[in-house]
1. For L36, which of the numbered conditions (1) at pLDDT 95 or above; (2) open to solvent by 20 Å² or more (accessible area, probe 1.4 Å); (3) not charged (D, E, K, R) fails to hold?
2. When you scan region 106-120, how many residues do you find that are under 13 Å from L81 (Cα atoms) and open to solvent by less than 10 Å² (accessible area, probe 1.4 Å)?
3. Given the options V99, V72, name the one that is in a strand (DSSP E or B), more than 11 Å from the chain's Cα centre (by Cα) and farther than 22 Å from E6 by Cα.
4. If we scan region 87-105, do we find a residue that is in contact with a His (Cβ under 6 Å, 6 or more places away or on another chain) and open to solvent by less than 50 Å² (accessible area, probe 1.4 Å)?
5. What number of residues in region 31-58 are assigned to a helix (DSSP H, G or I) and over 13 Å from the mean Cα position of the chain (by Cα)?
6. Give me the pairs: first residue in region 52-78 and on the phi > 0 side of the Ramachandran plot, second residue among the β-branched types (V, I, T), beta-carbon distance under 9 Å, and six or more apart or on different chains, which are they?
7. For region 16-33, name all the residues that are of a type in the set (K, R) and either open to solvent by 40 Å² or more (accessible area, probe 1.4 Å) or touching a Cys at 6+ places or on another chain (Cβ under 7 Å) (or both).
8. Tell me, which residue of region 75-86 that is among the hydrophobic types (A, V, I, L, M, F, W, C) and surrounded by 16 or more Cβ atoms within 10 Å (Cβ to Cβ) is nearest to E6 (Cα to Cα)?
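The values are calculated or read from the model by the stated rules, or taken from the named source; none is laboratory data. Note that the structure is predicted; figures quoted are calculated from it, not measured. A quick note on method: Cβ atoms are made from the backbone with ideal geometry, for glycine too, and the neighbour counts reach across all protein chains shown. The accessibility values were calculated without ligands, DNA or RNA, using every heavy atom of the protein model including side chains. Shrake-Rupley method; radii C 1.70, N 1.55, O 1.52, S 1.80 Å.
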Amino acid sequence: MTDNNEQGLRAAEEARRLAMVANDIDSLDSLLDDSLFYGHSIGGADTKQSYLDKLRSGSLQYKAVEFNDVSVRVIGTVGLLRASMRASVIGKDGTQRHVANTYLGAWEHGTSGWKLLMVQGTALPATPA
C-alpha cells in the first residue's frame, strides 16, 4: 500500500507504468478502480474491464512507456496527476505506432492504496522530422 501523499501517488503511477510495459495484468488490476474511465488520446475510451481485456488478448501491447513532466497534487484522499507520455504500442492490427500525449489522471487513496479512477489523454502535435 502506498502512502496518501504526493510521493505515494508518484510511486503508484510508476507502478502503473512498469505494469503496462510488463503486461502485468494482476498489478494493473490492483491499481485500477472498478469504475475506471480511460479516455485515449487517439479517441475512444475503455472501462477497466475492456482495457484489461485488450491487454490480455494482445490487441494492445505496450513495448515502451515513458512518463515525463509529472506533477501531482493531493487533496484529502484524491490525487490529481498530470504528465506527458511517450509510448510505443502495437495495436490489434499488429502495427507498431508511437504515442505522444499529455494526460490527466484522477486517483483516490483508500484502504488498499491508490486506485486510478480516470485518465484522459490529449495527443501532442507531431514533431517535424
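1. The single condition L36 does not satisfy is (2).
2. Final tally of qualifying residues: 4.
3. On the way: V72 fails: farther than 22 Å from E6 by Cα.
Residue meeting the stated conditions: V99.
4. We begin by selecting, within region 87-105, every residue in contact with a His (Cβ under 6 Å, 6 or more places away or on another chain); these are 88.
Subsequent filtering for residues that are open to solvent by less than 50 Å² (accessible area, probe 1.4 Å) retains 88.
Yes; the residues of region 87-105 include at least one that is in contact with a His (Cβ under 6 Å, 6 or more places away or on another chain) and open to solvent by less than 50 Å² (accessible area, probe 1.4 Å).
5. Our first condition is that a residue be assigned to a helix (DSSP H, G or I); within region 31-58, this holds for 31, 48-57.
Narrowing the set further to residues that are over 13 Å from the mean Cα position of the chain (by Cα) leaves 49-50, 53-54, 56-57.
Within region 31-58, residues that are assigned to a helix (DSSP H, G or I) and over 13 Å from the mean Cα position of the chain (by Cα) number 6.
6. Short answer, once both residue conditions are applied: G58/I90; D69/T102.
7. Across region 16-33, the qualifying residue is only R17.
8. Keep residues of region 75-86 that are among the hydrophobic types (A, V, I, L, M, F, W, C), which gives 75, 78, 80-81, 83, 85.
Restricting the remaining residues to those that are surrounded by 16 or more Cβ atoms within 10 Å (Cβ to Cβ) gives 81, 83, 85.
Working: L81: 9, A83: 14, M85: 19 Å.
Selected residue: L81.
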